[in-house]
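What follows is one structure encoded as structure tokens, with my remarks underneath.
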């Protein structure tokens with residue numbers, strides 16, 4: 001029983017990181033309809049920017065914020081410079097996915113050129129632990145769960161309570177109609193890519209904080225749980241991705257606790273396959289899935 | 001073959017020209033669908049563009065808005081050249097558009113759809129405009145918090161038109177606003193709501209497949225066949241023209257005859 005509760009605790013912590021990444025992935029997909037596989041490498045970039053800053057004495061949480069902003073800006077540049085021109089030219093979706101896979105590999109090896117192929121670590125985090133309903137979480141894990149919850153709440157309020165958020169949802173829903181309302185959709189799209197990139201970078205640093213060590217494959221490995229979470233929630237749906245992140249996180253940790261830790265990733269792959277077979281529109285169904293970036 | 005009864009005074013001749021389209025050629029890819037079309041809409045006028053399927057009516061609207069590929073010609077809004085301006089800038093200049101399909105934000109609630117219609121204005125101004133739009137469509141008052149995907153076809157269309165009214169555009173481009181509606185609802189939308197828009201001083205360019213009903217409310221009308229204007233006259237005159245009857249009864253099915 002204790003093992004179960006502890007596994008759920010770990011699952012919530014890793015689920016919070018997955019949710020951060022998956023929500024960013026979903027915002028991006030909801031806005032652009034592009035399956036951006038480069039997202040994983042951008043997450044790795046975030047982790048290495050965090051490492052660069054922490055090595056220079058900056059606190060991990062400040063590093064997380066800075067890495068978020070830098071990866072956000074990189075995401076906007078990536079979309080403006082590469083994806084948007086391809087979409088404008090009417091390039092087929094499959095070809096665009098291949099471009100994002102290729103760009104991800106290039107970025108990953110650019111990181112290797114600068115940081116080397118060896119495993120890296122942010123070093124020892126605070127040893128303080130918190131006991132909650134039988135779960136044992138480190139201070140860093142608790143901070144990440146709280147931070148993820150706060151960011152999700154902030155995103156929710158942005159999307160539902162502000163004109164900017166409604167304009168983002170309107171643009172994701174129907175770009176031509178949004179333009180006919182006077183909405184500068186390119187600018188709105190930039191903001192969405194910035195936000196999703198910020199979540200991606202923050203998730204990269206959060207993942208590195210909770211990992212003993214990491215290397216240039218960090219984001220690529222983590223991409224599948226994130227996509228599984230996004231698919232579970234109905235891809236393009238930030239709220240679904242939040243729930244999906246927690247489900248994938250907890251399911252993976254339970255599998256690791258009760259079978260073999262190596263099966264952690266297998267669970268994510270399994271969820272992805274089963275969901276695509278059984279409920280391709282996600283847990284909440286097709287009606288929900290049409291409401292991109294919904295409220 | 002083009003015929004015009006320009007010698008018969010169009011309704012509201014004293015009114016200024018709101019939208020003037022001169023020699024427009026447009027299409028998709030390399031294919032021109034619309035050829036050398038001239039259309040004029042004055043303030044307070046409902047102008048209908050009718051014609052059989054494939055006549056290029058919707059392409060004409062999309063060309064004006066920069067959605068279809070522009071190949072030649074000129075568009076003037078209140079005498080000012082607006083040819084090739086981006087859609088969002090045309091909205092800022094006072095052109096509102098209701099597409100034939102995908103005419104609402106599916107992902108948004110009715111209230112949010114209207115709110116986005118007034119995107120260019122302050123919160124306070126939007127609230128005032130929303131009241132006016134809801135006065136026009138009181139049926140929407142009780143549905144403001146519903147997602148539009150849960151609405152009936154008629155309610156969706158009302159939401160689409162109410163959304164564009166939030167912009168308070170001087171010129172309205174409506175692409176088959178009765179598509180998918182029942183005959184009764186189509187008649188109500190055309191005879192009550194769209195006609196009233198003209199009466200409120202709007203310049204309305206209405207593309208409509210249900211030609212008889214559209215011509216019945218149109219101050220002026222253009223008939224297009226195979227991408228060209230073949231007739232322009234007062235709506236009632238086009239309606240009574242034997243050539244129009246021939247084009248429609250020859251090319252179209254019973255639905256249009258009864259529309």
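With 10 Å bins from zero, work out the P(r) of chain A over every alpha carbon pair and list the percent per bin.
With a bin width of 10 Å, the distribution comes to 7, 29, 37, 21, 6, 1.
Let me confirm one metric for peptide B:93-101, namely the mean number of other chain beta-carbon atoms within 10 Å of its residues' beta-carbons.
The mean count of partner-chain Cβ atoms within 10 Å per residue comes to 2.
Can you give me the angle between helix A:139-161 and the longest principal axis of chain A, using Cα atoms only, in degrees from 0 to 90, rounded to the nearest 10?
Around 20 degrees separate the two axes.
Report the residue, chosen from B:183, B:138, B:52, that carries the largest GNM mean-square fluctuation when chain B is represented by alpha-carbon nodes joined by springs under 10 Å.
B:138
Please rank A:186, B:103, fewest neighbouring Cβ atoms within 10 Å first, as an exposure proxy.
Lowest count first: A:186, B:103.
Can you list, bin by bin at 10 Å, the percent of alpha carbon pairs in segment B:161-226, starting at 0?
Percent of Cα pairs in each bin: 20, 57, 22, 1.
If you count, for every residue in B:158-164, the Cβ atoms of partner chains within 10 Å of its Cβ, what is the mean?
Across B:158-164, the average partner-chain Cβ count within 10 Å equals 1.
From Cα pairs below 8 angstrom and at least 6 apart in sequence, can you work out the relative contact order of segment A:149-295, rounded to a whole percent?
24
Please sort B:89-97, A:209-217 by packing, taking for each peptide the average over its residues of neighbouring beta carbons within 10 angstrom, highest first.
Result, highest mean Cβ count within 10 Å first: B:89-97, A:209-217.
Rg (Å, one decimal) plus Dmax (Å, integer) for the alpha carbons of the protein assembly as shown?
Calculated on Cα positions, Rg and Dmax stand at 28.0, 92 Å.
Over chain B, with a single point scatterer placed on each C-alpha, what log10 of the ratio I(q)/I(0) does the Debye formula yield at q = 0.12, 0.14, 0.17 1/Å?
-0.68, -0.93, -1.36
What span do the alpha-carbon atoms of segment A:110-253 cover on each of the three principal axes, reported in whole Å from largest to smallest?
54, 45, 24
What's the angle, to the nearest 10 degrees (0 to 90), between helix A:218-232's Cα axis and the longest principal axis of chain A?
Orientation of helix A:218-232: about 70 degrees from the principal axis.
Taking every pair of alpha-carbon atoms in segment B:107-248, give the share separated by more than 20 Å as a whole percent.
Percent of Cα pairs beyond 20 Å in segment B:107-248: 51.
Can you check how the C-alpha radius of gyration of segment A:50-135 compares to 2.2 N^0.38 Å, as a plain ratio?
Dividing the Cα Rg of segment A:50-135 by 2.2 N^0.38 Å gives 1.54.
Can you tell which of B:196, B:211, B:170 shows the greatest fluctuation in a Gaussian network model of chain B with Cα springs below 10 Å?
Checking each option, the largest mean-square fluctuation is seen for B:196.
Using just the alpha carbons, could you tell me how many Å³ per residue the convex hull of segment A:1-122 encloses?
Per residue, the Cα convex hull of segment A:1-122 comes to 135 Å³.
Contact order normalised by length for chain A, with contacts defined as Cα pairs under 8 Å and 6 or more residues apart; what percent is it?
37
When you look at the Cβ of every residue in A:157-166, what mean number of other chain Cβ atoms sits within 10 Å?
Taking all residues of A:157-166 together, the mean is 2.
Over the C-alpha atoms of segment B:101-168, what are the Rg and the largest Cα-to-Cα span, Dmax, in Å?
Cα only, segment B:101-168: 10.5, 30 Å (Rg, Dmax).
Beyond 20 Å, what share of the Cα-Cα pairs of segment B:41-114 remains, rounded to the nearest whole percent?
Counting pairs separated by more than 20 Å, the tail of P(r) holds 42 percent.
What is the angle, in °, between the Cα long axis of helix B:242-251 and the longest principal axis of the Cα atoms in chain B? Nearest 10 is fine, range 0 to 90.
Its long axis makes an angle of about 70 degrees.
Run the numbers on chain B and let me know its relative contact order in percent, using alpha-carbon pairs under 8 Å that are six or more apart.
The normalised contact order for chain B reaches 29 percent.
Going by how many other beta carbons lie within 10 Å of each one, how would you line up B:141, A:264, B:163, fewest first?
B:141, A:264, B:163
Ranked highest first by average number of other Cβ atoms within 10 Å, how do A:46-52, A:21-27 line up?
A:21-27, A:46-52
Every number here is computed from the coordinates shown, using simple stated rules; none is lab data. What you see is a predicted model, and the numbers here were worked out from it, not measured in a lab. Counting neighbours? That spans all protein chains shown, and the Cβs are built from the backbone with ideal geometry, glycine included.
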